[in-house]
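Novice: Before anything else, here's the structure in question.
The values are calculated or read from the model by the stated rules, or taken from the named source; none is laboratory data. Quick caveat: nothing in here was measured; it's all calculated off a predicted structure. Because the Cβ atoms are built from the backbone with ideal geometry, glycine has one as well, and the counts that use them run over all protein chains shown. Keep in mind that these areas ignore ligands, DNA and RNA; they rest on the heavy atoms of the full protein, side chains included. Shrake-Rupley method; radii C 1.70, N 1.55, O 1.52, S 1.80 Å.
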Amino acid sequence: MARIVNFMPAYAQAPAALTLLRRDVDAAVAKAASEGARVVLPAGEDALCKAFEDAGVAVARADASFGYVYGNDTAAQRLFLGEKPIPSAVTGSCEDALVGGEAWLAGDGAQTKLVWLNDAADPVELPARTTAAELAKAAGVEGAKAVYLGYPQGDVLPVDATEVTLACDLVRVLGPEDCVAKALDRICQEYRHETCGHCVFGHEGSFQMAAVMHDVCTKHGQPGDVELLQDLAPMMEGQSLCEVGRTMAKTVRQALALFGDEVAAHYTRKACPAGDCDAYKTYHILVSRCTGCGDCLEACEDAAIMGNPGFVHVVDQRKCTQCGRCLEACKEGAVVMAGNKKPKTPPKPIPVRRKK
Ligand code: SF4
Ligand code: SF4
């Protein structure tokens, strides 16, 4: 059986297969030509496309947004027919097997995997079979609570997970000060734009999930939001026509099974337990830096700052709407945003201490 080799990155910032391909293009071209393989490359990679085409290898150029071609041979086949690679529940309809570029280059029995950890600019090579704790160590995160394996895996694992097989290019390790709701919001926004609109559960479901998670993180969450997502996730997993909807729903389901209470605390306790969500952070003025100039008071449209010239200004937390204007206005760096650890500030303005 011939193969279609897919070099499309699932994440633009984590192009593992392309990175390995660039290390030795000639060898990859020779391998593809000798195996009669076809390749899928991102549109715009003209030099790489030409190298394969010059050797008689069929190339399909895919739009960057078609990351979902990753594991779907039916979608990949459509590319070679000049059709839009609609993600489909149907796999196995293509005569050729679809393989990921990294696995194909590495050959059978590859022991390592190239991954981008926590949005690092450069990848690291890690054992393909590892543990969540090892991933946390590699990411330099102390006290990690969870690991997210990006698409196409989409797993959220507790940090004590001992059998982890890496099959994705992007891994995020969540530390004690990383909010699971915020991480899910980001993941949902990433997925939302990948859905093609061909099925109600995948398309509408992903929009629904993304909207709920965004609300939760921006103080607009409602009682029952976690339960709503827990009801929606299995339906999306079962009914979505493609991997995008199914994987997103699995990620949400797994994250809520582990951290449902942390997510719900955003609306039940009106707090972000990790102190990570901006909407739940508070603004404070540091005594050590404030010169009493009054710029922040002038910038605040909610009359939430108390002070007079020559006095250390103070934010009235009852009036503050977390707009951030004072942070931008202060040239002394005296205004800070705080999560769970709040700086000590006076309850009322006090005279600025003159520096000796
Ligand atoms: S917080 Fe900054 S802007 Fe406000 S009075 Fe103090 S120094 Fe001026
Ligand atoms: S964050 Fe906005 S509302 Fe709060 S004190 Fe600063 S300027 Fe005023």
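Novice: What FRET efficiency comes out for Leu258 versus Asp122 if R0 is 30 angstrom and r is the Cβ-Cβ distance? Round to the nearest 0.05.
Specialist: The calculated FRET efficiency here is 0.55.
Novice: Can you work out the accessible area per residue across the chain, with the rest of the protein chains kept in place, probe 1.4 Å, in square angstrom?
Specialist: In whole numbers, the chain has 49 Å² accessible per residue.
Novice: Which order do peptides 19-26, 284-291, 129-136 fall in by mean Cβ count within 10 Å, highest first?
Specialist: Ranked by mean Cβ neighbours within 10 Å, highest first: 129-136, 284-291, 19-26.
Novice: If you don't mind, there's one more thing I want to ask. Quickly estimate the mean residue ellipticity at 222 nm for the chain, helices only: each DSSP H run with n ≥ 4 gives -39500 (n - 2.57), and the total goes over all residues, rounded to 500.
Specialist: -11000 deg cm²/dmol
Novice: May I pose another question? So if we plug the beta-carbon distance of Thr268 and Arg186 into 1/(1 + (r/R0)^6) with R0 = 22 Å, what FRET efficiency do we get, rounded to 0.05?
Specialist: 0.50
Novice: Further question: Using 7 Å Cα-to-Cβ label points, what is the Ala167/Asp231 separation (nm, one decimal)?
Specialist: 3.2 nm
Novice: P(r) tail for segment 281-351, what percent of Cα pairs lie past 15 Å?
Specialist: 42 percent
Novice: Restricting everything to alpha-carbon atoms, can you work out Rg to Rh for segment 314-356 with a Kirkwood hydrodynamic radius?
Specialist: 0.97
Novice: Given Cα pairs under 8 Å that are at least 6 residues apart, what percent is the relative contact order of the chain?
Specialist: Once divided by the residue count of the chain, the mean separation gives 12 percent.
Novice: Then there is this: Taking all protein chains in place and a 1.4 Å probe, what share, in percent, of the accessible surface of the chain do carbon and sulfur account for?
Specialist: Here carbon and sulfur together make up 52 percent of the probe-accessible area.
Novice: Picking from Cys330, Ile305, Tyr283, whose Cα lies most toward the positive end of the charge dipole for segment 281-351 (charges on Cβ: Lys, Arg +1; Asp, Glu -1)?
Specialist: It is Tyr283.
Novice: What percent do you get for the relative contact order of segment 191-268 when only Cα pairs under 8 Å and 6+ apart count?
Specialist: Result for segment 191-268 is 37 percent.
Novice: In whole angstrom, note down how far apart the Cα centers of segment 270-323 and segment 133-205 are.
Specialist: 34 Å
Novice: If you don't mind, there's one more thing I want to ask. In whole Å, what are the extents of the chain along the principal axes defined by its C-alpha atoms, from largest to smallest?
Specialist: 80, 48, 39
Novice: Can you list which of the DSSP-assigned H helices in the chain have a Cα extent of 27 Å or more along the long axis and an average Kyte-Doolittle score of at least -1.0?
Specialist: 243-268
Novice: Oh, and also: Taking 25 Å as R0, compute the FRET efficiency from the Cβ-Cβ separation of Ala58 and Asp26 and round it to 0.05.
Specialist: Using R0 = 25 Å, I get an efficiency of 0.85.
Novice: What spacing in nm lies between the two simple spin-label points modelled at Ala338 and Phe207, each 7 Å away from Cα in the Cβ direction?
Specialist: Spacing of the two 7 Å Cα→Cβ label points: 4.2 nm.
Novice: Now for a different question. What relative contact order, as a whole-number percentage, does segment 91-167 give when Cα pairs under 8 Å and 6 or more residues apart are counted?
Specialist: 25 percent
Novice: By how many nm would the segment from Thr112 to Ala12 lengthen if fully extended, with 0.36 nm per residue of separation less the alpha-carbon distance?
Specialist: So the chain would gain 33.9 nm between Thr112 and Ala12.
Novice: Give the Kirkwood hydrodynamic radius (Å, one decimal) of segment 163-270, defined as one over the mean of 1/r across all pairs of different Cα atoms.
Specialist: Kirkwood radius, segment 163-270: 14.0 Å.
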